[in-house]
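What follows is calculated from the coordinates using simple rules that are stated; it is not laboratory data. Please read these numbers as outputs of a predicted model, since none were measured by experiment. Cβ coordinates were reconstructed from backbone atoms using ideal geometry, including for glycine residues, and neighbour counts include every protein chain displayed.
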Amino acid sequence: MINIENLTKRFGERIAVAGIDMEIKSGEIFGLLGPNGAGKTTTVRILTLLSRKNSGTVKICGYDIEKDTEKIKELIGVVPQHMSLDQDLTGRENLILQARLHHLKNKAVTEQRIDEILEFVELKDRADDKSRRYSGGMKRRLMIGMALLHQPKILFLDEPTVGLDPQVRRKMWDLIRKMNEDGMTVLLTTHYIEEADQLCKRVAIMNKGRLVAIDKPEKLKEKVGRIVVEHMEADGMTNKFFDDREQAASYVTVLKTNAIVREANLEDVFIELTGRRVNDQ
Ligand SMILES: Nc1ncnc2c1ncn2[C@@H]1O[C@H](COP(=O)(O)OP(=O)(O)OP(=O)(O)O)[C@@H](O)[C@H]1O
Ligand SMILES: [Mg+2]
């Protein structure tokens, strides 16, 4: 559904995206994971026509990102990283404005679609309040509603749950899953490892503009080793990876320090592959 070959983007001397290859398949929830400045937003902005690449090719449903922009605009919905609401308008008014931007002309059809969207993102009760008065989670749901209005096939969500409390974050995951079950292909960026692990069928880990891994979360864990032994060494805590608990247990028996044995998570994969913690600046 999305084919990316050797994509690069520079800002002056700085290379934000340093030649990435990636394929996102129809119907998947795909996660782009990485620390601050990894190049996630830059990649999403290029895919959503908000920024121009320097080189490489990007095709969405076979359409070229530079030649077929009108077609691509119909196919994609975008929820940007930063607030894109008019906070002086109500939820419903924001949706009406969005309908105009997409040239949805039939008034009755548009009104019905807006009602459906308000229902879907659970904002019906608050539709006629100014969006300034919405909570962070409600604002994000409204932004998702705006992105869905023209019935896109692919939805891009840049950090959909940043700043949301854990409960609201889980509700957002449910909403994303629901859209996906209804047939939407979803590409999201996140630095919350758990989010990628729970939600995404496949993840790509980006670091300093490059892709360091791309696979199913389970496969990535298998690659580094399913079981981790955490223990103290002279230079601090270290993680050692094993394919199974037996191997880990026999390693622990020869250790002279206390150790924790646990299942590997995606954060371990990330540190192992990049030498950085996910939220290191
Ligand atoms: N408009 C711009 N002008 C100059 N440099 C930019 C611009 N946008 C991004 N960059 C740089 O490109 C690199 C990648 O930034 P990007 O915003 O894509 O990272 P990110 O992975 O989305 O990070 P975050 O997790 O903080 O959102 C960074 O070094 C950033 O400073
Ligand atoms: Mg970003």
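To the nearest 500 deg cm²/dmol, what mean residue ellipticity at 222 nm is calculated for the chain from DSSP H runs of n ≥ 4 alone, each contributing -39,500 (n - 2.57), summed and divided by the residues?
Details: 10 runs with 103 residues, N = 281.
Result for the chain, helices only: -11000 deg cm²/dmol.
Considering the alpha-carbon set of region 50-95 alone, what are its Rg and its Dmax in angstrom?
14.5, 41
If amide H atoms are built 1.01 Å from N in the plane of the peptide, which residues on other chains or at least 5 residues away come under 5 Å of the amide H of Met206?
Leu33, Gly34, Val212
Just to confirm the filter: which trypsin sites (Lys or Arg not before Pro) across region 61-103 are DSSP coil and have at most 13 other Cβ within 10 angstrom of their Cβ? Present the calculation step by step, with values, prior to reporting the outcome.
Values: sites: Lys67, Lys71, Lys73, Arg92, Arg100; in loops: Lys67.
Here the trypsin sites (Lys or Arg not before Pro) that fit, given the DSSP loop and packing criteria, are Lys67.
Pick out which of Pro166, Pro217, Pro35 has the largest mean-square fluctuation in a Gaussian network model of the chain, springs linking Cα atoms closer than 10 Å.
The residue that fluctuates most here is Pro166.
With just the Cα atoms of region 118-258, tell me how far they stretch along each of the three principal axes, in Å, largest first.
Taking the Cα atoms of region 118-258, the three principal extents are 66, 30, 29 Å.
Kindly write out, for region 211-218 in residue order, the coupling ³J(HN,Hα) from the Karplus curve 6.51 cos²θ - 1.76 cosθ + 1.60 (θ = phi - 60°), rounded to whole Hz, with x marking Gly and Pro.
8, 9, 6, 8, 4, 5, x, 4
Of all trypsin sites (Lys or Arg not before Pro) in region 142-200, which ones are in loop regions per DSSP and have a Cβ with at most 16 other Cβ atoms within 10 Å?
Details: sites: Lys153, Arg169, Arg170, Lys171, Arg177, Lys178; in loops: Lys153.
The qualifying sites are Lys153.
If you count the DSSP beta bridges with both ends in region 2-218, what percent of them are antiparallel, to the nearest 5? Let's see the in-between values first.
Numbers: 21 of 39 bridges.
Here the share of antiparallel DSSP bridges comes out near 55 percent.
Once the cut-off is 23 Å, how many percent of the Cα-Cα pairs in the chain end up in the long-distance tail?
Working: 22938 of 39340 pairs.
Here the tail beyond 23 Å accounts for 58 percent of pairs.
For the chain, find the longest principal axis of its Cα atoms and tell me its angle to the long axis of helix 166-181, 0 to 90°, nearest 10.
Taking the Cα atoms of the chain, the angle to 166-181 is about 70 degrees.
Residue by residue through region 88-99, what is 3J(HN,Hα) from phi via Karplus (6.51 cos²θ - 1.76 cosθ + 1.60, θ = phi - 60°)? Round to whole Hz and write x for glycine and proline.
7, 9, 6, x, 4, 5, 4, 5, 5, 4, 4, 4
What list do you get for Leu188, Leu148, Leu89, Leu142 if you sort them by fewest beta carbons within 10 Å?
Details: Leu188 25, Leu148 22, Leu89 15, Leu142 28.
In increasing order of surrounding Cβ atoms, one gets Leu89, Leu148, Leu188, Leu142.
For helix 245-254, report the angle its Cα long axis makes with the longest principal axis of the Cα atoms of the chain; keep it between 0 and 90° and round to the nearest 10°.
Roughly 40 degrees between the two axes.
Hey, which aspartates and glutamates would be in cross-link range of Lys25, C-alpha to C-alpha under 19 Å, not counting anything within fewer than 8 residues on its own chain?
List returned: Glu5, Asp64, Glu74, Asp158, Glu181, Asp182, Asp197, Asp215, Glu218.
What list of ³J(HN,Hα) values in whole Hz, one per residue of region 51-65 in order, does the Karplus curve 6.51 cos²θ - 1.76 cosθ + 1.60 (θ = phi - 60°) give from phi, with Gly and Pro shown as x?
Result, ordered by residue: 8, 9, 6, 8, 7, x, 10, 10, 10, 10, 6, x, 8, 7, 5 Hz.
Could you name the lysines whose alpha carbon sits less than 24 Å from that of Lys240, not counting residues in the same chain fewer than 8 places away?
Cross-link targets: Lys216, Lys219, Lys221, Lys223, Lys256.
Can you give me the angle between helix 107-120 and the longest principal axis of the chain, using Cα atoms only, in degrees from 0 to 90, rounded to the nearest 10?
30
Taking only the alpha-carbon atoms of region 220-274, what semi-axes of the equivalent ellipsoid follow from 5 times the gyration tensor eigenvalues under a square root, in whole Å, largest first?
18, 14, 7
To check my understanding: the extent here is largest minus smallest coordinate of the Cα atoms along each principal axis. What are those three numbers for region 1-126, in Å, largest first?
Sorted from largest, the Cα extents of region 1-126 read 47, 31, 27 Å.
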